[in-house]
Every structure is written in C-alpha cells, then in structure tokens.
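The values are calculated or read from the model by the stated rules, or taken from the named source; none is laboratory data. These numbers were taken from a predicted model, which means no experiment stands behind them. Cβ atoms come from the backbone with ideal geometry, glycine included; neighbour counts cover every protein chain shown.
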Amino acid sequence: MNGIEWVSPAAGWLLVLAAPVVALHFYRGRKRTVEVPCLALWERVLATEVAGSGLRALSNLLPLALCLAALVGLAGAAGAPRPAPAAERPPRSWAILLDTSLSMRARDVENGDRWSEAVARVRALLAALPARDRVLLVSCGTAVRAVGPHPPQTERIASFLAGLAPGGVGAPLERALSIARELLPDLDAAEIVLVSDGAGMSGLDAFLRAPRRWFVCVGSRSDHLGLLGAGVDRRWGSRRGLVFARVRNYGKYPRETLVTIRGGDQGDAVLNSRKVAFPAGAEVDVTLEIPPDAGERLVVELGDPDFFAEDRRAWVALQPFRRPRVLVVAHGAPDPFLASTLSALREALDVEGSGTVTPERYEAARGKGSPGDITVFDGTSPSAPPTSGNYLFLGSEGEHVPVRLSGRVEKPVVWKWGGDAAIFRPIAVDALRIGVARVAQPGAEERALIECPQGALALFGDREELHYAWVGFRLADSNFPLLVAFPLFVKGLFGWFAGRREWAFDECYAVGSPIAPRAALPQGVSEVTVVDESDATRRWRVPVTRRSFEFWGADRPGFYRIEAGRTGWRTGVNLASASESDLAPRRDLAKPPPLPAREPEPGEAGRWSLWLACGAAAALLAEWFVSHRSAG
Amino acid sequence: MLFDEEFIRSLEYLSIVARKILSGQERADRESLRRGGSIEFADHRTYTPGDELKYLDWNVYARHGHLFIKEFSAEENVHVRVFLDASRSMAGATGAKGDFAKRLAAALAYVGLAHFDQISFFPFAATLGDGVRALRGKQRIFELLPFIEKIPYAGTTSLEAAFRTPVPKQRGRRVGLVISDLYDLEGYARGLRLLLAQGLELRVLHLVEEGDLDPGRTGRLKLVDRETRRTREVLLTEPLAARYRLVLEAWLEEVESWCLASEIGYARVLTSLPLEKVVVELLRRKGVLDRR
C-alpha cells in the first residue's frame with residue numbers, strides 16, 4: 001500500500017482537543033484536600049495498603065491514553081481515510097504470457113482446473129494494474145496469439161482472455177517472447193509475467209534468471225498415469241486385430257489399473273479389458289486383442305479417473321476392413337494359370353478380386369494413386385523403380401525390377417529351394433521343369449526361394465516399405481502352374497505381404513502435430529473439411545495443395561474426421577506427449593509479481609471511518625471502565 | 001429557636017431513665033424506689049426495730065399477727081449531667097453535625113428540666129469546660145439555651161483528660177449523658193471509665209455523620225484531620241474506600257460492645273436523622289428516655 005490519503009484533512013483540527021483532554025485529565029487527577037473527622041481511622045486502613053508503585057502511576061495514565069486514542073480515532077474517522085492511489089509510480093509495460101497448453105486442463109485446483117485459476121490470476125493482475133499501464137497478453141501454446149499493448153482494463157484484453165482455451169502440446173516460451181518483443185519493443189524494460197504450471201516448459205529457469213521476470217505457478221499434483229499413445233494392427237487374412245497402448249506412470253509409486261478398449265457400432269461397448277501394473281516412473285506397452293466387429297472407433301481407457309482426463313483415453317480410428325486388391329500387369333490377357341489361380345483361390349487368398357491392366361494403363365493409374373494392394377507383373381516390368389507396396393514379378397527382366405539379374409539359363413537344374421522360408425515352407429519343387437530362366441544373385445535384403453547352380457531362379461525381398469517376390473521364368477515356360485506348389489506359393493506370398501504391415505504409433509496423430517493424408521488425394525479436390533467429432537462446431541476448411549494438405553488445428557485429443565470430396569476418413573488424435581502428460585507443476589520456481597497497490601474503491605473511506613469510529617467508541621468504553629474501576 | 005412548640009410538648013412527655021439511681025435529696029417529679037412519705041402505697045416489709053410505728057399496718061397484724069411496715073413510693077429528683085463533645089470534629093463537614101449535637105443536648109436537658117431533674121451541662125474537648133450547674137425547672141432552659149448555642153467547636157478530643165477533672169459531687173442519683181463522636185480512639189474507654197468511677201450512670205450518645213462513613217470522593221486526596229490538622233496523602237480508590245467503611249463499622253461495633261460490657265447505655269445516632277425521631281423514637285428504644 002502506498003499510504004493513506006484523507007478525504008477531509010480538516011478533521012485533523014479535532015486533534016487540538018487533545019490539549020483540553022490532557023488538561024482535564026490532570027485537573028481531574030489533581031490532589032484535593034478532604035477533611036476527615038479522624039485520621040487515625042484512615043491510618044488503620046492505610047497501614048494495610050501496599051505502598052504506591054510505578055505501575056499504579058502508569059495505570060493513572062491509562063485513562064488519558066485511552067481518551068487520546070479515542071480522540072485520534074474520532075479525528076481519523078472524521079477525516080475519512082482511504083488507501084492512497086498509486087499515483088506516484090510512472091506507467092509500466094506488462095507482458096503477460098499465459099500458458100494455453102493442454103496440461104492446464106488438469107483439475108487439481110480447488111473448484112476448477114489449472115486454466116480457471118490461471119485466468120483468475122491474470123484477471124486479478126489486470127484489475128490491480130493502474131489504467132495508465134500497458135499490457136500485452138500473449139497466449140503461449142501450440143498457437144501463439146497476442147493482444148495489446150492496451151490499458152489493462154480494456155474490453156479487448158478481456159474478450160481476448162475470455163476467448164482463450166487450453167489445447168495443444170507444449171508452451172513455446174521463446175516463441176511467445178519473440179512475438180511479445182515484436183509487439184512490445186521495450187520488452188526488456190517491461191514486467192514479464194508467466195502464468196503457467198511450468199509442466200514440460202523448457203527454458204523456464206533461464207527465463208526467470210532475468211530481472212523483472214515473474215512466474216505465477218498454478219497446479220499442485222503430479223501423481224499421474226497417462227496414455228502416451230495407441231495404435232491398432234489388423235492384418236490381411238485376419239479380421240481380428242490388436243490394439244497397442246503405451247502408458248506411463250508419472251508418479252512416485254507403482255499403480256495398478258484397468259485398461260479397457262471400447263468400440264462397437266455405438267463406440268461404447270467394452271471390447272476387452274485387462275488390469276495392468278505400472279511401476280513408478282515406467283513406461284509400459286499394453287496389447288489387447290479386439291474382435292472382428294470392433295467398429296471403426298476404438299477408445300482405450302485407463303481406469304480410476306484422476307485429475308487429468310486428457311490422456312486417460314486414447315482414440316484409435318480403425319479403417320474399415322477390406323481384402324487386398326490384386327492388379328495384374330500384362331500385355332494382353334494374363335497367364336491363364338495365374339488368372340485361374342487368382343480366381344479359384346480368391347477366398348483362400350482372402351483377396352477382394354483381381355484386375356488386369358496393360359503396362360501403359362498401369363503407369364497411368366499409378367500416377368493417380370495406389371491402384372492395387374498387390375501388383376503382379378506377368379512378364380512385364382515397371383517403368384520406374386518401385387519404392388513401396390507389394391509386388392510379384394513373374395519373368396520380369398526390366399531394369400527397374402528390384403533384383404540383381406546375372407544371366408540367362410536354359411533348362412536349369414533346380415537343386416535347392418527355400419524350404420525354411422515362411423513363404424515356401426510346405427512346398428517342394430523338385431519336379432519343377434523350366435525352359436529358359438533368368439538368374440539373379442540375391443542381395444543382402446533378399447533370400448533365394450528356388451536355386452540352380454547358376455543362381456537364384458526365384459527370390460523374395462523386403463526393403464522398408466517395398467515387399468516383393470521375383471520368379472525368373474514365365475509361367476508358360478515351366479510346369480510350375482501345374483504343380484500344387486504354385487497356389488501354395490501364391491498364398492504363402494500373399495500372407496507374407498499381409499504380415500508386412502507393422503503396427504506403429506504414427507497410425508494416430510499427436511495433439512498439435514499436423515494431420516496430413518497418407519496417400520495423394522483424388523484429383524479435383526481443392527479443400528478438405530476437418531471436423532472435431534467431439535464438438536461439431538469445431539470445423540475447419542483446409543486448402544489442398546498438390547493433392548495433399550496439412551491441418552494444424554488438432555489441439556485436443558479425440559476423433560477428427562477428414563472429408564475430401566466423396567471420400568473421407570477418420571483419424572484419432574491423442575495427447576501422445578510425455579512432457580505434456582507430466583503434470584508436475586514447477587512450484588519451486590514460483591515467483592509471483594508484487595501486485596501494485598490497488599485503486600481505492602468507492603466507499604472504502606466510509607468503511608475505514610466506520611472502523612475508526614468503532615475503535616474510538618471501544619477506547620471510550622475502556623476508559624469509562626478503567627476510570628470507574630479506579631476512581632469511582 | 002432550637003425547637004418548635006410541638007416538639008417541646010412531646011419532650012414534656014418524656015423523662016430521662018435512671019435505672020438504678022433513686023436517691024435524690026430533693027423531691028422531684030420522679031417515682032423513686034425508695035419508700036418514703038408519699039401517699040402512694042408501694043409495698044409491705046417486715047418490721048425492724050427503729051421503724052416508725054405510724055407506718056405499721058395494723059390491719060395485717062390483726063389478721064395474721066405479724067408486724068409489717070407499709071411503704072410508700074417517693075418521687076425523687078435525679079442529677080443529670082450532660083457532657084457535650086465540643087471538639088473540632090463535632091462540627092462536621094458542614095456544621096450540621098454540630099448543630100444536631102447542640103439541639104440533641106438541649107432537648108435532653110429540657111426533658112430533665114421539665115421533670116425537675118437537676119441538670120448540669122458541661123462541654124468538653126481536651127479538657128472539661130465550664131458548664132452550667134444544677135439547673136432545675138423547665139424555665140431554666142432559657143438560661144441553658146444561650147449557653148449551648150455559644151459553645152464553640154474547637155480543639156481535640158481527649159475524654160481521658162477531660163473527665164479526669166472531677167465534677168462537683170451532689171448527693172443523689174446521677175446520670176451522665178455523653179454526646180460525642182468519640183474520635184479519641186485510644187482514650188475514649190479510659191475517659192468513660194473515669195465518669196463511671198464518679199458514680200454516674202452513663203449513657204453514650206454516639207454521633208455519626210454520613211460523611212464520616214463515606215468520604216464522598218476518590219482519587220488523589222490529601223486527608224486532613226479535623227482536630228489535629230495532621231495530613232496524609234492517599235490515592236483513594238473505590239476498594240480502599242470500601243475497606244475504610246469496613247474499618248469504621250468495626251470500630252463502631254467495638255465501641256458499642258465495650259459500652260455494653262461496661263454497663264454503659266449506648267445509642268448510635270445518625271446526625272442525618274430528624275432530631276424529633278431520634279429523641280422520641282430512637283432514644284426511647286435505646287432506653288435513654290422513657291415516657292412518663
């Protein structure tokens with residue numbers, strides 16, 4: 001407080017009455033002569049009286065002190081005191097950085113969450129600042145926004161603050177400071193107040209080392225169990241699937257909780273659940289199987305809800321089940337044995353169907369997107385080296401075939417075959433007869449399936465996302481299609497292709513990371529619409545550039561639906577951030593700013609006067625009591 | 001004028017009680033237990049040689065054969081000596097106490113004079129003052145009143161020194177009325193004993209003024225003794241004043257107890273009471289006066 005100011009300073013003249021009060025006190029306390037009929041009787045009484053002490057002399061002054069106190073109180077009440085406004089301080093600039101990351105949704109604050117407390121603290125600071133100060137308010141989250149500098153009590157700052165909501169991962173302090181510096185050139189001389197929980201905020205210590213940096217810390221708890229992410233794997237050939245969830249215990253004590261997967265048509269049926277123990281500070285991967293009718297939306301939940309709901313659930317979009325499509329690239333009709341095998345074994349191979357295209361049409365179709373899940377080059381070769389996908393090369397010799405060809409052999413002698421390979425395990429090809437074949441030398445990422453002394457007659461390879469098998473002869477130039485080994489080889493190969501789909505966390509997106517299509521969008525789509533399925537009012541229209549887009553608005557966990565023309569898909573967005581899930585507030589660094597003296601409220605002077613008057617009355621009452629007791 | 005007529009009339013119906021003294025030489029308007037030559041028969045007693053034969057009751061002798069002497073009650077006078085304390089303390093705070101004492105003394109003297117008692121009046125303080133002696137008859141009150149009015153209140157109280165001076169002895173019953181505040185704490189008993197030794201039947205009228213009970217104010221006081229002018233400073237608080245009242249009450253009780261133990265009639269008289277009430281009611285109740 002800057003002191004007291006008096007509304008009616010003339011009331012100080014009342015203190016002049018202190019002089020008559022003092023005079024009256026001493027007049028009343030003067031020594032008076034009283035005649036008594038017999039002093040001896042008094043001396044009998046006084047003989048038992050303890051001699052007067054200094055304490056008694058002091059007690060004589062007590063009524064005077066009380067009277068003077070009452071007089072001062074009355075004069076003060078008449079003077080109508082009130083706290084002096086902080087008019088002397090020169091105007092200051094304030095930069096308030098408000099953490100809007102998702103951890104601010106933690107409900108470990110009395111009657112609300114960290115966000116509500118942070119907003120209340122900001123409002124209190126704004127209310128306490130004098131109107132001549134200037135305030136720049138910066139939201140410090142995935143998106144850094146700012147308003148100001150304005151006077152602290154302006155509507156623009158209030159509405160900006162009301163429009164903020166926590167979301168996203170991370171609070172980029174440096175970025176917020178750089179933006180603040182752009183808007184407030186004298187930032188170095190300004191008071192910078194960070195209102196945050198400090199969780200997962202890097203550079204906080206260095207920030208606070210500078211002068212005029214303040215940190216208002218919100219939040220209190222850190223014992224938390226959070227889902228870091230989740231994914232799903234459903235392979236071709238199996239309608240069942242596996243859901244993976246990674247859970248981290250941020251607390252100091254081991255915990256055990258139920259992990260549940262919900263899904264089904266309505267999305268709320270319990271598909272599976274299991275109680276899992278989580279050691280303190282450990283990260284645990286949990287795998288749960290899901291049934292064939294799992295639905296399209298899976299939600300992984302942790303039991304025992306705690307104060308932070310944002311990472312107690314993980315959202316996983318399960319793509320609709322479909323069989324792989326087989327595309328045969330051949331000049332004219334495909335090999336009849338191949339065609340009949342694909343047709344006859346459709347159910348056994350668990351494929352949707354097959355089609356045949358010429359190499360030219362294949363190239364055209366590939367330019368528009370992925371034409372098939374498995375591509376069979378029947379005596380043909382790709383015009384460009386394939387980088388991803390599943391391929392079967394039958395008698396392909398082109399330069400873009402991903403094998404190292406070494407020569408041509410007539411009537412090769414099959415002397416070895418890959419019986420230990422998963423693809424070839426039940427197959428014996430000792431009866432295989434071949435007219436002319438190309439021979440290849442298997443590379444480091446390839447394994448031979450059929451071998452002759454000159455090299456490999458068939459092999460399979462696996463290079464990151466490229467999976468392929470190569471057969472060095474045409475079917476029509478061998479008896480391979482006539483052997484039972486051929487359909488077994490095809491089925492084994494297709495099963496191997498299906499098994500190549502590995503589960504990974506990037507099946508789902510993380511909060512704050514951009515959502516982008518995994519494949520090129522159809523031509524003609526100029527924009528997509530992204531919808532937050534938990535809040536239909538949250539819709540974004542995202543422009544499409546080069547058949548792709550990037551959407552940065554996924555700031556809350558949940559399902560987001562992307563609508564691109566006639567097509568559309570759903571994806572899950574999870575917090576997936578260990579730093580944001582680690583909710584331990586940095587209270588050790590808390591350094592709240594010294595609030596300036598607030599402006600006196602109207603009527604405050606009246607309240608102070610009332611209190612002073614009451615004090616004066618109490619002093620008078622005490623004086624009466626003391627005087628009555630001591631002097632009658 | 002000390003009294004109005006009605007009060008004087010009421011005084012004429014009173015007499016000073018003399019319980020054991022009945023030997024006045026002169027005949028007075030008082031019934032004596034001494035059997036004498038009055039016409040009012042009182043009692044019989046057995047004849048002893050030397051008795052006058054004219055008082056023999058021959059009728060009794062004729063009936064019973066025993067000699068009895070008829071006795072007749074005789075009305076005797078009493079010597080009443082009024083001792084008025086004329087020390088400075090008797091003036092009181094406002095003088096009212098002194099006036100009251102004088103009026104009371106005058107009233108008692110008038111009661112005696114009205115009944116042909118022989119009244120002597122002595123003021124005293126540190127010594128016994130010159131008094132008025134042996135007045136008889138209510139007309140003598142006019143001599144006495146100016147004397148009483150002129151008595152000044154001065155000096156210190158010393159009952160022992162005052163009553164060491166012997167008063168003139170007179171034959172007959174003698175009653176002493178001491179009107180005083182007795183503020184001679186150490187010497188009042190010795191002084192009263194001296195009067196007892198002179199054969200007086202004593203009545204002490206102990207005057208107490210309201211102001212004696214309550215000093216009336218508290219705070220820093222300089223107490224001045226009215227008689228000796230000795231001073232003492234005191235911070236008088238309410239508890240101290242209460243303690244003083246207790247000490248004063250105890251002393252009053254002590255005086256009364258001592259008087260009763262010494263067969264001295266005692267009456268504590270508050271000077272704030274109306275004199276008529278004191279004389280007509282209080283002193284009668286205390287046995288100092290009686291209705292004729």
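Do you know which residues across the stretch A:22-49 are within 7 Å of chain B (Cβ to nearest Cβ), outside any helix (DSSP H, G or I) and among the hydrophobic types (A, V, I, L, M, F, W, C)?
Passing the criteria: A:VAL34, A:VAL36, A:CYS38.
Quick check on my filter: what residues within the stretch A:265-298 are assigned to a strand (DSSP E or B) and acidic (Asp, Glu)?
The first filter runs over the stretch A:265-298 and keeps only residues assigned to a strand (DSSP E or B), leaving A:269-278, A:283-290, A:297-298.
Residues satisfying the conditions are A:GLU283, A:ASP285, A:GLU289.
Within the stretch B:228-243, how many residues are assigned to a helix (DSSP H, G or I) and either more than 7 Å from chain A (Cβ to nearest Cβ) or not charged (D, E, K, R) (or both)?
4
Which one is nearest to B:LEU182 (Cα to Cα) among residues in the stretch B:129-143 that are of a type in the set (A, V, I, L, M) and surrounded by fewer than 20 Cβ atoms within 10 Å (Cβ to Cβ)?
Filtering first and then ranking leaves B:VAL132.
Which is in contact with a Phe, Trp or Tyr (Cβ under 9 Å, 6 or more places away or on another chain), of a type in the set (Asp, Glu) and in contact (Cβ under 8 Å) with a residue 24 or more places away in the chain, of A:ASP532, A:ASP555?
Going through A:ASP532, A:ASP555 in turn, the sole match is A:ASP532.
Take B:ASP181 and tell me if it is touching a Pro at 6+ places or on another chain (Cβ under 7 Å) and either of a type outside the set (Ser, Thr, Tyr) or within 14 Å of chain A (Cβ to nearest Cβ) (or both). Before you say what the answer is, go through the steps one by one.
Details: touching a Pro at 6+ places or on another chain (Cβ under 7 Å): yes; either of a type outside the set (Ser, Thr, Tyr) or within 14 Å of chain A (Cβ to nearest Cβ) (or both): yes.
Judged against the criteria, B:ASP181 is a match.
Taking the options A:ARG262, A:ARG181, A:ARG175, name whichever one is free of Cβ contacts under 8 Å to residues at least 60 places away in the same chain, assigned to a helix (DSSP H, G or I) and in contact with a Leu (Cβ under 7 Å, 6 or more places away or on another chain). Break it down into steps so the answer makes sense when it comes.
Working: A:ARG262 fails: assigned to a helix (DSSP H, G or I); A:ARG175 fails: in contact with a Leu (Cβ under 7 Å, 6 or more places away or on another chain).
A:ARG181 is the lone residue from the list that is free of Cβ contacts under 8 Å to residues at least 60 places away in the same chain, assigned to a helix (DSSP H, G or I) and in contact with a Leu (Cβ under 7 Å, 6 or more places away or on another chain).
Being over 29 Å from B:ARG243 (Cβ atoms), in contact (Cβ under 8 Å) with a residue 40 or more places away in the chain and more than 14 Å from every other protein chain (Cβ to nearest Cβ) narrows it down to one residue among B:ARG164, B:ARG173; which is it?
Of the residues listed, the single one that is over 29 Å from B:ARG243 (Cβ atoms), in contact (Cβ under 8 Å) with a residue 40 or more places away in the chain and more than 14 Å from every other protein chain (Cβ to nearest Cβ) is B:ARG173.
Just to verify a result, which residue in the stretch A:6-21, among those that are in a helix (DSSP H, G or I) and among the β-branched types (Val, Ile, Thr), is farthest from the other protein chains (Cβ to nearest Cβ)? Step through it out loud before you land on a result.
Going through the stretch A:6-21, the residues in a helix (DSSP H, G or I) turn out to be A:9-21.
Now narrow it down to the ones that are among the β-branched types (Val, Ile, Thr): A:16, A:21.
On the way: A:VAL16: 27, A:VAL21: 17 Å.
So, considering only residues that are in a helix (DSSP H, G or I) and among the β-branched types (Val, Ile, Thr), the one farthest from the other protein chains (Cβ to nearest Cβ) is A:VAL16.
Checking B:GLU149 against (1) out of contact with any strand residue (DSSP E or B) (no Cβ under 9 Å at 6 or more places or on another chain); (2) modelled with pLDDT under 85: exactly one of these is not met. Which one?
(2)
Just to check your reading of the model, which residue among A:ARG209, A:ARG213 is of a type outside the set (A, V, I, L, M) and under 26 Å from the mean Cα position of the chain (by Cα)?
Of the residues listed, the single one that is of a type outside the set (A, V, I, L, M) and under 26 Å from the mean Cα position of the chain (by Cα) is A:ARG213.
Among the residues that make up the stretch A:271-278, is at least one of them under 22 Å from the mean Cα position of the chain (by Cα), assigned by TED's automatic domain parsing to the domain that holds A:GLY231, surrounded by 14 or more Cβ atoms within 10 Å (Cβ to Cβ) and closer than 19 Å to A:VAL316 by Cβ?
Let us first name the residues in the stretch A:271-278 that are under 22 Å from the mean Cα position of the chain (by Cα), namely A:278.
Those still in the list that are assigned by TED's automatic domain parsing to the domain that holds A:GLY231 too: A:278.
Checking which are surrounded by 14 or more Cβ atoms within 10 Å (Cβ to Cβ) leaves us with A:278.
Filter again for closer than 19 Å to A:VAL316 by Cβ, leaving none.
No - not one qualifying residue is present in the stretch A:271-278.
Could you list, in sequence order, all residues of the stretch B:268-285 that are hydrophobic (A, V, I, L, M, F, W, C) and in a loop (DSSP other than H, G, I, E, B)? Walk me through how you get there before you give the answer.
So the first thing to find is which residues in the stretch B:268-285 are hydrophobic (A, V, I, L, M, F, W, C), and the list is B:269-270, B:273, B:275, B:278-280, B:282-283.
Listed by number, the list holds a single entry, B:LEU273.
Output the residues belonging to the stretch A:233-263 that are modelled with pLDDT of 80 or more and within 30 Å of A:PRO324 (Cβ to Cβ).
Scanning the stretch A:233-263 gives A:LEU242, A:VAL243, A:PHE244, A:ALA245, A:ARG246, A:ILE261, A:ARG262, A:GLY263.
Taking the stretch B:200-227, which residues are aliphatic (A, V, I, L, M), more than 9 Å from chain A (Cβ to nearest Cβ) and not in a helix (DSSP H, G or I)?
Passing the criteria: B:LEU200, B:LEU202, B:VAL204, B:LEU205, B:LEU207, B:VAL208.
Out of everything in the stretch A:208-232 that is assigned to a loop (DSSP other than H, G, I, E, B), out of contact with any strand residue (DSSP E or B) (no Cβ under 6 Å at 6 or more places or on another chain) and not acidic (Asp, Glu), what residue ends up being modelled with the lowest pLDDT? Spell out how you get there, then give the answer.
First pass over the stretch A:208-232, keeping only residues assigned to a loop (DSSP other than H, G, I, E, B): A:210-212, A:218-224.
When the remaining residues are screened for being out of contact with any strand residue (DSSP E or B) (no Cβ under 6 Å at 6 or more places or on another chain), the result is A:210-211, A:218-224.
Remaining after also requiring not acidic (Asp, Glu): A:210-211, A:218-222, A:224.
Numbers: A:ALA210: 83, A:PRO211: 85, A:VAL218: 87, A:GLY219: 84, A:SER220: 80, A:ARG221: 80, A:SER222: 77, A:HIS224: 84.
Restricting to residues being assigned to a loop (DSSP other than H, G, I, E, B), out of contact with any strand residue (DSSP E or B) (no Cβ under 6 Å at 6 or more places or on another chain) and not acidic (Asp, Glu), the top hit is A:SER222.
Taking the stated definitions as given, is A:GLY367 part of a helix (DSSP H, G or I) and at pLDDT below 80?
It is true that A:GLY367 is part of a helix (DSSP H, G or I) and at pLDDT below 80.
Which numbered condition trips up B:GLU256, out of (1) at pLDDT below 85; (2) in a helix (DSSP H, G or I); (3) more than 14 Å from chain A (Cβ to nearest Cβ)?
(1) is the only condition that B:GLU256 fails.
As an exercise: evaluate A:TYR468 against (1) buried (at least 18 other Cβ atoms within 10 Å of the Cβ); (2) modelled with pLDDT under 85 and give the number of the one condition it does not meet.
It fails just one condition, (2).
What's the number of the condition B:TRP251 fails, among (1) at the interface with chain A (Cβ under 8 Å from one of its Cβ atoms); (2) surrounded by fewer than 22 Cβ atoms within 10 Å (Cβ to Cβ); (3) modelled with pLDDT under 90?
Only one criterion in (1) at the interface with chain A (Cβ under 8 Å from one of its Cβ atoms); (2) surrounded by fewer than 22 Cβ atoms within 10 Å (Cβ to Cβ); (3) modelled with pLDDT under 90 is unmet by B:TRP251, namely (3).
Restricting attention to the stretch B:30-78, which residues are modelled with pLDDT under 60 and of a type in the set (Ser, Thr, Tyr)?
Selection gives B:SER32, B:SER38, B:SER73.
Consider A:ARG82 carefully, then state whether it is at pLDDT below 85, away from every other protein chain (no Cβ under 11 Å) and closer than 30 Å to A:ARG175 by Cβ.
No: the conditions fail for A:ARG82.
From (1) crowded, with 17+ Cβ neighbours inside 10 Å; (2) more than 10 Å from chain A (Cβ to nearest Cβ); (3) on the phi > 0 side of the Ramachandran plot, pick out the condition that doesn't hold for B:GLY287.
(1)
Let me spell it out: the conditions are (1) touching a strand residue (DSSP E or B) at 6+ places or on another chain (Cβ under 8 Å); (2) modelled with pLDDT under 85, and A:ASP205 meets all of them except one. Which number is the exception?
(1)
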